[in-house]
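For reference, the structure is listed below as structure tokens.
The values are calculated or read from the model by the stated rules, or taken from the named source; none is laboratory data. Predicted model, so just to flag it, every value in this text is computed and none were measured. Quick reminder, even Gly has a Cβ in these numbers, built from the backbone with ideal geometry, and neighbours come from all protein chains shown.
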Amino acid sequence: MRIRTPSRIHVTLIDLNGSLGRIDGGVGFALENPYVEIVAKESDEVVVKGRCHNADRFRRVASYLASRFGRGIEIEVKSDYKAHVGLGSGTQISLAVAKAFNDIYDLGFSVRELAHLVGRGGTSGIGVAVFEFGGFVVDGGHSRKEKPEFLPSSASKAKPAPLIARLDFPDWKVVLAIPELRGFYGVKEVNLFKEVCPIPLDEVRELCHVILMKLLPAIAEEDLDEFGYAIRRIQKLGFKRAEIDRYGTLIWRAFEAVEGYAVGMSSTGPAVYVVTDSNAKDVERSLKSFFKEEGLSCETVITKARNSGAQS
């Protein structure tokens, strides 16, 4: 069987204050490119084939599930993309392998059950939601009864957060610029949560206001100007600002190179995204030129949002 997943932009986490008794919450949207694609079939052992960026992760997930289910699998990786750049490869790889096991052996698990099984969605539910549905999604975070601490998904055992909103994303272009850097993950990401949380309540309140009364209506009404205002404002609030500040002034100056556009950093970065209805090539050249002047090679992609989930 063949499975193709989206990648995703993670716009922001919502509430890392927790005074209402819930934490996390996420906003993001699915992308057509880059993507993970695998071809899988029954096997007596775990076999991973194909040239890819993340062979070890494919193998780890497949080996864990093989021991869990007592079944082997052969996976040929047709396409994947770099880990720890802000585009959510870990969740898409884990879910693609889990779905392959589930469908090949008719195990009967839901996507959310598979996500919990492979340890994804314990902070943000965006990666799980775009795998399942695509589009522009908002999740509702976790009750502090289930998850009392501020932790990234890699260190959380909470179940995937509930999906509370999903809209088709407009037919706008998305320009990605991925400089040759690594995002914050592992111990560094855990430490970031410890250092900056809880986020001040007034910032969380403003962020919620912007999401509810500016960002979501802009998607529903296909208003790129309003969308751009919301995205730019979100970069300066709460945990997102802390994520960007970890790169010093680099990402802030990258934003200035495409000033006026709907520009942000996805997840912990370093991927920068710009949403536009025109001039995508000009935006791409501007970002590539900026990072080159900073002494950084930069991969760029012009893509669109994906309004459907993983295909199999």
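Scan segment 215-232 for residues that are buried (at least 18 other Cβ atoms within 10 Å of the Cβ) and either modelled with pLDDT under 95 or in contact with a helix residue (DSSP H, G or I) (Cβ under 6 Å, 6 or more places away or on another chain) (or both) and the total you get is 4.
Checking each residue in segment 184-204 for being closer than 20 Å to residue 232 by Cα and surrounded by 15 or more Cβ atoms within 10 Å (Cβ to Cβ) picks out 199, 203, 204. Report yes if some residue within segment 23-34 is out of contact with any His (no Cβ under 8 Å at 6 or more places or on another chain), closer than 20 Å to residue 117 by Cα, of a type in the set (D, E, K, R) and modelled with pLDDT of 95 or more; otherwise report no. No, there is no match, as no residue in segment 23-34 is out of contact with any His (no Cβ under 8 Å at 6 or more places or on another chain), closer than 20 Å to residue 117 by Cα, of a type in the set (D, E, K, R) and modelled with pLDDT of 95 or more.
So that you can scan it fast, the table gives a plain yes or no per residue for (1) surrounded by fewer than 24 Cβ atoms within 10 Å (Cβ to Cβ); (2) within 22 Å of residue 270 (Cα to Cα); (3) without any contact (Cβ under 8 Å) to a residue 40 or more places away in the chain:
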{"position": "43", "(1), (2), (3)": "yes, no, yes"}
{"position": "67", "(1), (2), (3)": "yes, no, yes"}
{"position": "80", "(1), (2), (3)": "no, yes, no"}
{"position": "88", "(1), (2), (3)": "no, yes, no"}
{"position": "97", "(1), (2), (3)": "no, no, no"}
{"position": "109", "(1), (2), (3)": "yes, no, yes"}
{"position": "115", "(1), (2), (3)": "no, no, no"}
{"position": "120", "(1), (2), (3)": "no, yes, no"}
{"position": "140", "(1), (2), (3)": "yes, no, no"}
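Within segment 267-300, track down each residue that is under 26 Å from residue 223 (Cβ atoms), buried (at least 24 other Cβ atoms within 10 Å of the Cβ) and hydroxyl-bearing (Ser, Thr, Tyr). Within segment 267-300, 267, 273 qualify. Among the residues making up segment 95-140, those that are at negative phi and of a type in the set (D, E, K, R) are 99, 103, 112, 113, 120, 132, 139. Among the residues of segment 18-39, is any assigned to a helix (DSSP H, G or I) and under 21 Å from the mean Cα position of the chain (by Cα)? There is no residue in segment 18-39 that is assigned to a helix (DSSP H, G or I) and under 21 Å from the mean Cα position of the chain (by Cα). Taking the criterion of being within 26 Å of residue 223 (Cα to Cα), outside any strand (DSSP E or B) and either in contact with an Asp or Glu (Cβ under 6 Å, 6 or more places away or on another chain) or hydroxyl-bearing (Ser, Thr, Tyr) (or both), the residues of segment 157-189 that qualify are 170, 172. Could you check segment 205-236 and list, in sequence order, the residues that are under 19 Å from residue 140 (Cβ atoms) and in contact (Cβ under 8 Å) with a residue 60 or more places away in the chain? The answer is 207, 208, 211, 215, 216, 219, 234.
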